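Shown next, in structure tokens, is the structure this report addresses.
The values are calculated or read from the model by the stated rules, or taken from the named source; none is laboratory data. Everything quoted here is computed from the prediction, not taken from an experiment. For neighbour counting, all protein chains shown are included, and Cβ atoms are generated from backbone atoms with ideal geometry for every residue, glycine included.
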Amino acid sequence: MNWITKVLKFGEKIKTAINKKRPSKEDIENSDWTTCCKGPVLKKELEQNLWVCELCNKHHRINCRQRFDIVFGKNNYEILKTPSPQDDPLNWMDSKPYKERLKTARKKTGQESAIMIIKTKIKNINVTAGAFDFAFIGGSVGAAEGEAIIYGIQHAIDNKQPFILFTASGGMRMFESLIALSQMTRVTLAINELKKNNLPYIVVLTDPTAGGTTASFGMLGDITFAEPGAIVAFAGKRVIQATVKEELPADFQTSEYVQEKCGFIDSVIERKDLSEKISSILSILLKKNSDIISELNETSEDTRTLTKAAS
């Protein structure tokens, strides 16, 4: 055995020893701890504050059930069974088969796709709602996700209900190529049908919302809310920075920046206030609030009086 072989073998032993001590992604995810501004923080403590850091106000990413529990009340909803298209229409494979990625994502999230659709109530208003889980292949949109949103919108139309969508997506799932890209058009057409039926479409942008999701149904809401600090973008910051070759602001592409500079967001809302804000805006849009209706009627009567006096 020459000295080169000995060195290589010694290097492999060091690498093996280091990897044994390093925790895997699964170990980190299954741990009782996560990290934020002050370093390690117990997940249990974070959960008590709706997964929002008390010090820096970072709104941590949450799954669909956690979001539904916060906005609509603990288990106060029914999960709808959405269509299940063919898993791997293109038989895609890169570093691993696409089917294997789907299997891993389903085991990790307990969901069939990146989106979950429910029917529920918010302050006695019947609604249909959907939410993305970014942990499911980056919340990317494929045929299953497109079908789920369309199914949810059709359910809203059939039952004359508003449709609320919480986005957390990196964009279209390119393992499905044009099939994924076509969901942008298909979902947009479904939203147009919802609006033709005079039913509100409320979008809540959460961290992160990017790519084709932002470029289509993420920006079509009658009212668009966003959580504080959520990344709302099309292309990533580093890509843009490399293209324009200049330093971008630290808060570039945050929900606050997008609201102030672009006007694409109506209001940035704290997670704890979302339920109240959504129910209030739906009460106005659906004319469910008696005080508002009374005020609108008084305004109409005043206008009619002035018109008569002027004539």
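Just one of the listed residues (134, 166) is aromatic (Phe, Trp, Tyr) and in a loop (DSSP other than H, G, I, E, B), and it is 134.
Residues in segment 108-126 that are under 20 Å from the mean Cα position of the chain (by Cα) and not β-branched (Val, Ile, Thr): 108, 110, 111, 112, 113, 114, 116, 119, 121.
Okay, residues lined up against (1) basic (Lys, Arg); (2) farther than 30 Å from residue 279 by Cβ:
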{"residue": "44", "(1), (2)": "yes, no"}
{"residue": "54", "(1), (2)": "no, no"}
{"residue": "62", "(1), (2)": "no, no"}
{"residue": "86", "(1), (2)": "no, yes"}
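The residue that is surrounded by the most Cβ atoms within 10 Å (Cβ to Cβ), counting only those in segment 88-132 that are in contact with a Lys or Arg (Cβ under 6 Å, 6 or more places away or on another chain) and under 20 Å from residue 180 (Cα atoms), is 131. Scanning segment 43-87 for residues that are aliphatic (A, V, I, L, M), under 30 Å from residue 120 (Cα atoms) and touching a Lys or Arg at 6+ places or on another chain (Cβ under 7 Å) turns up 50, 52, 70, 80. Set side by side, the residues 12, 26, 45 differ, and just one is over 18 Å from the mean Cα position of the chain (by Cα), closer than 30 Å to residue 251 by Cα, at pLDDT below 95 and in a helix (DSSP H, G or I), which is 45. Just one residue in the set 121, 107, 81 is modelled with pLDDT of 95 or more and part of a strand (DSSP E or B); that residue is 121. None of 137, 125, 157, 153 is more than 20 Å from residue 227 (Cβ to Cβ), among the β-branched types (Val, Ile, Thr) and without any contact (Cβ under 8 Å) to a residue 40 or more places away in the chain except 137. Residues in segment 243-261 that are surrounded by fewer than 11 Cβ atoms within 10 Å (Cβ to Cβ) and of a type in the set (A, V, I, L, M, F, W, C): 244, 250. Listed by first and then second residue, the pairs linking a residue in segment 250-270 that is on the phi > 0 side of the Ramachandran plot and assigned by TED's automatic domain parsing to the domain that holds residue 206 to a residue that is assigned to a helix (DSSP H, G or I) and surrounded by fewer than 18 Cβ atoms within 10 Å (Cβ to Cβ), with Cβ atoms under 7 Å apart and 6 or more places separating them unless they lie on different chains, are 253/237.
So that you can scan it fast, the table gives a plain yes or no per residue for (1) over 21 Å from residue 125 (Cβ atoms); (2) hydrophobic (A, V, I, L, M, F, W, C); (3) touching a residue at least 60 places away in the same chain (Cβ under 8 Å); (4) in a strand (DSSP E or B):
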residue	(1), (2), (3), (4)
199	no, yes, no, no
203	no, yes, no, yes
207	yes, no, yes, yes
224	no, no, no, yes
229	yes, no, yes, no
239	yes, yes, no, no
243	yes, no, no, no
247	yes, no, no, no
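Only one entry of 207, 222, 158 meets the criterion of being over 25 Å from residue 90 (Cα atoms), in the same structural domain as residue 84 (by TED's automatic domain parsing) and touching a His at 6+ places or on another chain (Cβ under 7 Å), and that entry is 207.
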